[in-house]
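Accompanying notes for the structure given below.
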Amino acid sequence: MITGLLLAASAVVTVVSITALPYYDDKSGRLWPLVALTALLWVLFVASIVALRSVRGRAAIVLVIVGSIGIGGAAMAGPPNTSTDSARYAWDGIVQNAGISPYDFVPTDPELADLRTDWLFPDPVVGADGELECEGSRILQSVEPGTDEVVCTAINRATVPTIYPPSSEILFAAVRFVTGPEPQYWPMQLVGLLLSLAITGILLRALHTRGRDPRWAALWGWSPLMATEAVTNSHIDVFGGLLILLATLAAANGKRVWAGVALGAAIAVKLIPVIAAPALLRRRPIVLIAVSIATFAALYVPYILASGIGVLGYLPGYLTEEGYSSGDRFVLLSTVLPGTAATIVAVILVAATAALVWWKTDPTDPWVGQAVMIGVTLLVVSPRYPWYALMLVPVVAMSGRWEWLAVPAALTVRYLIPSVDLARLCLALAIVLIVAMSLHRAGPGALRRLGGWLRHPLSPTTRKTDHSLSAG
């Protein structure tokens with residue numbers, strides 16, 4: 001009863017946060033209610049997981065499923081509230097269904113004027129000063145290349161080509177092939193919900209078949225990150241998260257070819273899923289690498305034939321814009337390291353983590369290694385966007401290492417509250433929690449064993465792990 005009430009409260013707060021607090025109209029302080037409601041969603045999430053520990057058997061499974069549907073469905077209560085990325089998804093799908101490569105033209109190019117829909121490109125209005133202006137939430141003012149005419153659009157970065165790789169583009173085209181260009185944001189929200197529910201179902205089955213507590217699936221299905229970023233804001237990263245989950249399951253079951261196909265397709269969603277590879281490479285790595293590369297290349301071939309080098313899209317410019325080439329975007333490292341030194345150290349840390357994960361991961365049980373690899377990368381890179389963590393949460397559920405959820409929570413704070421100092425504090429607290437829980441799980445002799453391993457790294461150590469939800 002308590003768990004059900006908490007889940008109902010989460011659904012209600014989700015609806016209120018979407019419909020009553022317009023993020024894009026914030027002028028002076030109105031963002032704080034959204035921050036407060038987001039914090040409340042995380043508190044309700046934690047309370048729901050704790051309450052679930054007292055529910056067992058089939059009732060627990062029903063709660064996980066019903067809660068996932070209820071919270072995910074509530075997340076469709078309104079249009080995206082903190083991101084307009086799905087407007088680009090819709091446009092790329094519309095363009096492709098017109099027989100045009102999404103890499104060939106920027107959205108404001110007059111060559112594509114006939115494809116513009118009113119909801120993506122509303123007409124400008126004459127302002128009080130006689131100049132053309134753009135009105136409406138999510139609507140940005142841009143210009144047509146070559147004509148410099150004012151263009152109003154819901155698409156961010158409308159004067160640069162798309163950044164999305166082919167797995168994403170194929171999904172965008174498929175969605176708009178079914179719905180046509182006129183429906184606004186709900187088609188991708190529905191896709192996000194369906195992908196999220198698919199992940200919940202896969203987790204329930206995989207946890208059960210591997211002898212683990214299926215209640216861990218609630219870490220994904222009830223997560224505020226899933227609701228806000230996979231459904232409301234419809235970020236394509238949820239597709240990458242699903243494919244990473246499938247790749248890791250296939251690899252753990254010895255199906256290296258299928259693991260390679262899923263990994264290659266995941267990398268072709270947004271490139272960053274390549275960090276899932278190290279945890280999968282302990283057994284027959286050549287097969288998995290070859291198949292993933294072949295899959296990745298095969299998905300790109302039609303677009304390369306159409307657009308050539310243009311398939312890189314805005315990726316180089318995006319990395320520069322986000323501060324990764326200069327090192328400014330590495331929030332923790334930039335505290336002590338200037339400029340490009342932070343980039344160099346970040347690469348070293350991620351590479352070292354990849355090497356250790358590859359070396360120490362059990363190929364039949366890669367979940368902890370996967371959580372460490374993805375989680376450490378997000379901590380080091382510290383992106384401004386919490387939706388990058390959508391690929392982390394499913395493997396956290398499989399591993400039972402709940403403390404890694406501190407990473408998406410910290411990234412959510414970083415996104416909603418533009419304070420570098422607060423971001424550093426939250427990320428540092430996440431690291432403290434993860435390290436503390438890791439030492440707790442390892443037992444009282446953990447530091448001594450760690451010292452011994454550093455002196456003799458080839459000496460194997462093993463320890464049984466309790467994967468029940470009640471074990472915490």
key: Volume per residue that the Cα convex hull of the stretch 213-252 spans, once the total is divided by residue count, Å³   = 57 Å³
query = Out of residues 5 or more away from Val143 or on other chains, whose amide H comes under 5 Å of its own, with H placed 1.01 Å from N in the peptide plane?
reply = Val151
Relative contact order computed over the chain (Cα-Cα under 8 Å; 6+ residues apart), in percent = 15 percent
key: Unit charges on C-beta of K, R, D, E only; dipole of the chain, Debye   = 3500 debye
key: At R0 = 56 Å, FRET efficiency that the Cβ-Cβ distance of Ala306 and Ala9 yields, to 0.05   = 0.70
request  = May I ask which residue of Leu392, Leu271, Val13 lies farthest towards the positive end of the charge dipole of the chain, with charges of +1 (Lys, Arg) and -1 (Asp, Glu) on Cβ and the Cα centre as origin?
outcome  = Leu392
inquiry  = Going 7 Å from the Cα of Asp362 along its beta-carbon direction, which residues of the stretch 262-290 have the amide nitrogen within less than 19 Å of the resulting point?
reply    = 278-284
message = Net charge within 9 Å of Arg215 by Cβ-Cβ distance, Lys/Arg positive one each and Asp/Glu negative one each, not counting Arg215 itself?
response = +1
task = Report the local net charge at Ala268: Lys and Arg +1, Asp and Glu -1, summed over other residues whose C-beta lies under 15 Å from its C-beta.
result = -2
ask   = With θ set to phi - 60° and the Karplus curve 6.51 cos²θ - 1.76 cosθ + 1.60, what are the ³J(HN,Hα) couplings of the stretch 33-44 in order, to the nearest whole Hz, using x for Gly and Pro?
value = x, 5, 4, 5, 5, 5, 4, 4, 4, 5, 5, 4
task = Please report, largest first and rounded to whole Å, the three semi-axes of the ellipsoid equivalent to the chain, where each semi-axis is the square root of five times an eigenvalue of the C-alpha gyration tensor.
result = 37, 26, 23
request  = Could you calculate the FRET efficiency of Val16 with Val347 from 1/(1 + (r/R0)^6), where r is the beta carbon distance between them and R0 is 56 Å, rounded to 0.05?
outcome  = 0.85
task = Grab the beta carbon distance between Met1 and Leu194, set R0 = 25 Å, and tell me the FRET efficiency rounded to 0.05.
result = 0.30
key: Segment Asp114-Val287, length gained on full extension (0.36 nm per residue, minus Cα span)   = 57.6 nm
request  = Work out, step by step, the length gained on full extension between Val62 and Val336: first 0.36 nm times the residue separation, then minus their alpha carbon distance; give nm to one decimal.
outcome  = 93.8 nm
query = Applying the Karplus parametrisation 6.51 cos²θ - 1.76 cosθ + 1.60 with θ = phi - 60° to the phi angles of the stretch 142-152, what ³J(HN,Hα) value in whole Hz is obtained for each residue in order, glycine and proline being reported as x?
reply = 9, 9, 6, x, x, 10, 6, 6, 5, 10, 9
inquiry  = At a 10 angstrom cut-off on C-beta neighbours, averaged per residue, how do the peptides 237-245, 349-357, 96-104 rank from highest to lowest?
reply    = 237-245, 96-104, 349-357
Most positive-pole-ward Cα, Ile286, Gly201, Ala406, against dipole of the stretch 185-471 from beta carbon charges = Ile286
key: Contour excess over end-to-end distance, with Cα ends at Val35 and Arg205 and 0.36 nm allotted per residue   = 57.7 nm
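Computed from the coordinates by the stated procedures, all read-outs in this text should not be read as laboratory data. These numbers come from a predicted model, not from an experiment. Every residue, glycine among them, receives a Cβ derived from its backbone with ideal geometry; neighbour counts consider all protein chains shown.
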